[in-house]
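**Student:** Got a structure here, written out as structure tokens. Questions coming.
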Amino acid sequence: MSDPTTIGRLYGRRAGHKLRAGQAALVDEILPALKVPDGPLDARTLFGDDCPLELEIGFGAGEHLAGRAAMLPDHGFIGCEPFLNGVVGALGHIRDGGLTNVRLHMGDALDVLNRLPDASLTRVYLLHPDPWPKARHAKRRFMNKGPVDMIAAKLKPGGEFRFGTDHPIYVAHAMMVMRAQRHHFDWQVETADDFLTRPADWPETRYERKARNVYGHEVWYFRYLRRS
């Protein structure tokens with residue numbers, strides 16, 4: 001396994017407003033059973049069988065993660081989110097949906113990726129990451145060579161990397177990074193509609209809906225398949 005400190009580190013806040021009693025109860029009562037354990041990871045360690053594994057990097061409030069887990073109950077889903085209030089949101093969705101195929105890591109996704117075997121994931125999601133729009137902060141963006149190289153290593157041949165954003169600076173940056181990854185990935189696009197229209201199996205998040213309906217932002221959807 002590689003050392004995650006050689007490819008980047010997590011930037012950004014980890015806590016928000018104080019939890020209400022019901023939210024604190026979710027953390028105390030549900031999270032311990034769903035936490036990603038320490039040590040090497042694989043499907044059997046996480047879910048007790050060799051189910052297909054999917055991973056979401058920075059799941060926000062968990063709408064997309066829970067939506068995908070509900071669509072594919074025979075897949076195992078790993079969600080990584082450093083923000084406590086986001087983890088609480090995901091726990092609520094997991095409880096309300098009766099989902100048993102989700103595990104959560106409250107921390108840096110690179111830590112989890114580093115502990116998974118190569119070619120072990122069928123899909124990886126990076127949706128609306130912090131854009132760090134100033135040029136001097138570009139190295140803080142998750143979409144950079146080191147993290148994307150790790151995603152490529154952990155995806156199975158034919159596995160899919162999905163990326164979404166409403167930030168034009170991040171779009172330009174991500175496309176530059178992914179052009180340099182053409183030896184790893186094939187971009188699934190033929191027309192502009194392919195990355196301007198949300199696929200039917202891509203659950204909409206609250207953030208995405210607000211970006212479009214409140215702020216009038218364009219939202220871009222990118223799909224890349226791991227080369228054999």
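The values are calculated or read from the model by the stated rules, or taken from the named source; none is laboratory data. Computed from a predicted structure; not experimentally measured. A quick note on method: Cβ atoms are made from the backbone with ideal geometry, for glycine too, and the neighbour counts reach across all protein chains shown. Remember, those area values only see protein heavy atoms, side chains included, never the ligands or the DNA or RNA. Shrake-Rupley method; radii C 1.70, N 1.55, O 1.52, S 1.80 Å.
**Student:** Summarise the accessible area of the stretch 96-228 (1.4 Å probe, protein heavy atoms) by the percent that is carbon and sulfur.
**Tutor:** Looking at the stretch 96-228 in its full context, I get 52 percent from C and S.
**Student:** Over the chain, give the accessible area per residue in Å² for a 1.4 Å probe, as an integer.
**Tutor:** Accessible surface, normalised per residue, equals 49 Å².
**Student:** Right, something else. Residue 198 to residue 228: FRET efficiency via 1/(1 + (r/R0)^6), r the Cβ-Cβ distance, R0 22 Å, to the nearest 0.05?
**Tutor:** Values: r = 28 Å, r/R0 = 1.25.
Between residue 198 and residue 228 the formula returns 0.20.
**Student:** Something else about it: Provide the packing ranking of 216-222, 36-42, i.e. peptides ordered by the mean count of other C-beta atoms within 10 Å per residue, highest first.
**Tutor:** 216-222, 36-42
**Student:** For the chain, take every pair of Cα atoms, bin their distances at 10 Å starting from 0, and report each bin as a whole percent.
**Tutor:** 8, 34, 39, 18, 2
**Student:** Then there's this: Could you state the per residue volume, in Å³, of the convex hull enclosing the Cα atoms of the stretch 32-76?
**Tutor:** Spread over its residues, the Cα hull of the stretch 32-76 gives 90 Å³ apiece.
**Student:** Between residue 144 and residue 186, what's the calculated FRET efficiency when r is the beta-carbon distance and R0 is 35 Å? Round to 0.05.
**Tutor:** 0.95
**Student:** Then there's this: What is the calculated FRET efficiency for residue 31 to residue 169, with r their C-beta to C-beta distance and R₀ = 45 Å, to the nearest 0.05? Walk me through the numbers before you get to the answer.
**Tutor:** Numbers: r = 34 Å, r/R0 = 0.76.
Result of the calculation: an efficiency of 0.85.
**Student:** State the extension gain, in nm to one decimal, for the chain segment bounded by residue 177 and residue 209, taking 0.36 nm per residue of separation less the distance between their alpha-carbons.
**Tutor:** 8.9 nm
**Student:** Let me ask something additional. Could you work out Rg/(2.2 N^0.38 Å) for the stretch 33-155, with Rg from alpha carbons only?
**Tutor:** Against the compact-globule rule of thumb, the ratio is 1.03.
**Student:** Excluding residue 126 itself, what net charge comes from residues whose Cβ is under 9 Å from its Cβ, given Lys and Arg +1 and Asp and Glu -1? Don't skip to the answer; put the middle values down first.
**Tutor:** Details: positive: 162; negative: 56.
It works out to a net charge of 0.
**Student:** Right, something else. Just 144, 101, 213 to compare: in a GNM of the chain, with alpha carbon springs under 10 Å, which one fluctuates most?
**Tutor:** So, out of 144, 101, 213, the one fluctuating most is 213.
**Student:** Right, next: Stokes-Einstein D for the stretch 88-174 at 10 °C, 1.306 mPa s, Kirkwood Rh over Cα pairs, in µm²/s?
**Tutor:** 108 µm²/s
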